[in-house]
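Remarks on the structure that follows.
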There are 2 protein chains.
Amino acid sequence: MTLRCDVMLETRLDTERIRAARRVIDPVFLGTPLYRCEALEPALGCTVSVKLETANPVRSFKARGTEVVAGLLADNGARAAVCASAGNLGQALAWSGRGRGLDVTVVASRFATVAKLDRIRALDARLELVDGDHELARERAAAIARYEGSRLVEDSLDIETCEGAATIGLELVDAGPSYDAVLIALGGGALATGVGHVLKALAPEVEVICVQPLGAPAMTHSWREQRVVTTESADTIADGVAGRRPIPAVLADLLQVADDAVLVQEASIIAGMRMLLDHAGLVVEPSAALGIAAILEDRDRFAGRHVVTIVCGSNVDVDAYHRWVGATPGPRS
Amino acid sequence: MTLRCDVMLETRLDTERIRAARRVIDPVFLGTPLYRCEALEPALGCTVSVKLETANPVRSFKARGTEVVAGLLADNGARAAVCASAGNLGQALAWSGRGRGLDVTVVASRFATVAKLDRIRALDARLELVDGDHELARERAAAIARYEGSRLVEDSLDIETCEGAATIGLELVDAGPSYDAVLIALGGGALATGVGHVLKALAPEVEVICVQPLGAPAMTHSWREQRVVTTESADTIADGVAGRRPIPAVLADLLQVADDAVLVQEASIIAGMRMLLDHAGLVVEPSAALGIAAILEDRDRFAGRHVVTIVCGSNVDVDAYHRWVGATPGPRS
């Protein structure tokens, strides 16, 4: 069985390197909670477990990847790194770089979540804002890297970002897969290809389902058509997954490991955020509610099954969050 | 040094039994996140790490104790157990008992947090409400146990509840105590004596500070006067720590392990809840904000130090929570 999987699975990722990644990532990001949330289940009609990636110093899973990247850079004597980010990768790279003496530059859209930008600054990174969306930030980051000769960290393209995220998959497998499906937020693809690779390699019976907002569907359309499909715009509150130009190599990997890719409406994302707050006591950013949104939109598909949803981030602007979950902010201390 | 501590530390708790407890507790409750929350620090003036006890099936630390209790009961062929609870112990005992075929009865005040009562029912426990406070529930639970011949589980008095909670202390010590003080919510005393015992046994240089609401100060007054002091009433939103009649044996232990016990105002508890929501993305129940409240009320004491606060529970009524943190609930799906 193992042999057959090894033969069939031809992604850029390597299971042994993923195991090695687990040994270089700061333990504060590893061994995250995985637990059943029965209070969610009556409304969802299936067994739901949460893999919680928010209880760490950067409140998202992204540091699993940046720990690998920054560790390699430091080992190789690099001094600086630059990345484009909607906010979570930048915050994670700033955290990982700071501990290793790296100068980190993050390029972000000026429309990015303010709380994410504030945290990037607080972690001593240089922050540069572009007057456009994430794709423009990617172009600008590449230009800075060329000009300054610093390492460009490209989310999802750089294999370390995928293999770092893939350590979540190892933890899911180690927990003994009693679940039938894993719901994974799909943006650039690092999380989906990473976790998907490990599941297909070590627990191929588990269904790997990627979830993307209907307002930012480029990678899902690409997966369905088996070729890169770009979009002219992205319109979603799920800022962490709002790309428009899928990376061909990442798509190729995703085609190997994803059993399905589904699109969900904004209203479902918001309903998912509310449910996670009301019934699980979890504050999550929109991207982290995509899994619950997918269940809400297709209860029949999941009825009676055991589903794991990866709660991948909790960096939100407080006012926007209260607006989404249906409460208005009052006076704050 | 170890010898000296062993000689000096004369609590009912036993470090080796606590290590053994760790082996019988369901792993879903162990190895909880411990991480620094830098976003909290500018407002608090010290380094703050969170030990997060809410990301598990019962959203509080209480199952560490009930796992030990229920395991022993099942091993001894018991069929039923009863406890009084403000809600978290009852939920945890229901969870631990359900998995071991025990019939669990929980007695609670009819003024208890509705969300906690709902979860107790959902976990197949029998719930009995009394028209009074937690002390009346304790009396009623004892009467039921006598009448039915079932095991009465008494929070903080039963050594298993303390030694289960004490496994948090082992995890704090294992993480390598880089911190100067640990802030622990003080109610009946299981958490404080448990964690305090381990810290005093294995990391005696760490300051053990208990925090209780000014509106429910019985145990703190007892600790200060070194004798049991009861109060006529308890008035606090921190329902999990609202006892009025300290247990002598637990007080004796607390006198051995606590370096200090402080009282905080309701406004500080609410401010602490808000800060944990706004800056750490954590929904917590009032008891879990006591540590932050203590820092807010005495910034000078903690200035420049590294403090760990145990976030011990997140079971809140959604509407009350929104009221406390300054947001009003809107329409919900």
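Backbone phi angles across region A:31-43, fed through the Karplus curve with coefficients 6.51, -1.76 and 1.60 (θ = phi - 60°), yield HN-Hα couplings of x, 5, x, 10, 8, 7, 10, 5, 5, 7, 6, x, 6 Hz in residue order; Gly and Pro are listed as x. Between the amide H of residue A:48 and those of A:37, A:307, distances stay under 5 Å, these residues lying 5 or more places away or on another chain, with hydrogens modeled in the peptide plane.
With label points set 7 Å from Cα along Cα→Cβ, the inter-copy distances at residue B:72 are 5.2 nm, sorted shortest first. What percentages make up the Cα-Cα pair-distance distribution of chain A when the bins are 10 Å wide from 0? Histogram of Cα-Cα distances, whole percents per bin: 6, 28, 37, 23, 5, 0, 0. By the rule of a C-alpha distance below 27 Å, with chain neighbours fewer than 8 residues away ignored, the lysines paired with residue B:51 are A:51, A:62, A:116, B:62, B:116, B:200. Normalised Debye scattering of the protein assembly as shown at q = 0.07, 0.09, 0.10 Å⁻¹ gives log10 I(q)/I(0) of -0.45, -0.74, -0.91, counting only Cα atoms as equal scatterers and leaving out solvent. In order along region A:80-91, the phi-based Karplus estimate (6.51 cos²θ - 1.76 cosθ + 1.60, θ = phi - 60°) of 3J(HN,Hα) comes to 8, 9, 9, 8, 8, 7, 6, x, 6, 5, x, 5 Hz; Gly and Pro are listed as x.
Maximal additional length on extending the residue B:126-residue B:235 stretch stands at 36.5 nm, based on 0.36 nm per residue less the C-alpha distance. Remark on residue A:261: its backbone amide H falls under 5 Å from those of A:210, a criterion applied only to residues 5 or more positions apart or on other chains, H modelled at 1.01 Å from N.
Position residue B:20: other-copy label points at 4.4 nm, ordered by increasing distance, label point 7 Å along Cα→C-beta. Summary for residue A:173: label point 7 Å along Cα→Cβ; distances to the equivalent points in the other copies, ascending, 3.5 nm. Normalised by the number of residues in region B:63-153, the mean separation of alpha-carbon contacts (under 8 Å, six or more apart) gives a relative contact order of 33 percent. Secondary structure note: in the protein assembly as shown, about 15% of the DSSP beta bridges are antiparallel.
For region A:148-261, what class follows from the C-alpha gyration tensor (a ≥ b ≥ c being the square roots of its eigenvalues): rounded when a/c is under 1.5, otherwise prolate if a/b is larger than b/c, else oblate? Oblate. Of interest is the spacing of the C-alpha centroids, which for region A:171-219 and region A:253-298 amounts to 13 Å. On the beta carbon distance between residue B:43 and residue B:103, with R0 = 51 Å, the FRET formula returns roughly 0.60. Net charge of the neighbourhood of residue B:251, taken over other residues with C-beta under 12 Å away and scored Lys/Arg +1, Asp/Glu -1, is +2. The phi-based Karplus calculation (6.51 cos²θ - 1.76 cosθ + 1.60; θ = phi - 60°) puts the 3J(HN,Hα) values of region A:99-107 at x, 10, x, 8, 7, 10, 10, 10, 10 Hz, whole numbers, x for Gly and Pro. Pop the C-beta distance of residue B:10 and residue B:146 into the FRET formula with R0 = 30 Å and round what comes out to the nearest 0.05. Computed FRET efficiency for residue B:10 and residue B:146 comes out at 0.45. Taking a ≥ b ≥ c as the square roots of the eigenvalues of the alpha carbon gyration tensor, region B:63-153 is oblate, as a/c is not under 1.5 and a/b does not beat b/c.
Could you tell me which of rounded, prolate or oblate describes region A:2-112, using a ≥ b ≥ c as the square roots of the eigenvalues of the alpha-carbon gyration tensor, with rounded for a/c under 1.5 and, failing that, prolate when a/b is larger than b/c and oblate otherwise? Oblate, because a/c is 1.5 or more while a/b does not exceed b/c.
Read the figures in this text as sums done on the coordinates, not as results from a lab. Note that the coordinates shown come from a computational prediction; the quantities given were computed from them, not determined experimentally. With ideal geometry, Cβ positions are generated from the backbone for all residues, glycine too; neighbour counts draw on all protein chains shown.
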